[in-house]
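Just so it is clear, none of the values below were taken in a lab; they were calculated from the coordinates. Source: prediction; values computed, not measured. Note that we place each Cβ from the backbone using ideal geometry, even for glycine, and neighbour counts take in every protein chain shown.
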Amino acid sequence: MSFIIPGLISAIVIAVLSIRYKNKDKQDKGFKLNYFALSYRRKLVRTVTLAPVVIFSALILYYSSAFTTMAKMVFILVLLMVFVFQVIYNFYMWKKKEA
């Protein structure tokens, strides 16, 4: 029950930022803290550079959580699937916008 409020706040912030930066020019060079202000190429670069963090998080989850082995594997699999989907999506959209 304690995850509902933070999840709701996160969803609202994501929705507001998505709408705010929808048709704005995206930054393609340099560092930008706001993910929504990046071009698809920069989103891809940021996602790929976070690969070690994702792998480290999966290992920490596997070795230190109190869940059953099956639950750990499901969480890790979902984490990795979302990461791979995000990389593929950003690459596809980058090539689509570039063409």
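Look at the dipole of the chain built from charges on Cβ: of L17, F3, I76, the Cα furthest out on the positive end belongs to L17.
Taking chymotrypsin sites (Phe, Trp or Tyr not before Pro) in DSSP loop states with no more than 12 other Cβ atoms inside 10 Å as exposed sites, the chain has its longest site-free stretch at 32-66. Rounded to the nearest 20 debye, the dipole size of the chain about its Cα centre is 480 debye, using +1 on the Cβ of Lys and Arg and -1 on the Cβ of Asp and Glu. Lysine pairs in the chain with Cα distance under 27 Å, only those 8 or more apart or on different chains: how many are there? Here the count comes out as 25.
Here the Gaussian network model covers the chain, with springs between Cα atoms less than 10 Å apart; of S39, S65, S18, S65 fluctuates the most. Calculated FRET efficiency, T49 and M70, Cβ-Cβ r, R0 22 Å, to nearest 0.05? The value I calculate is 0.10.
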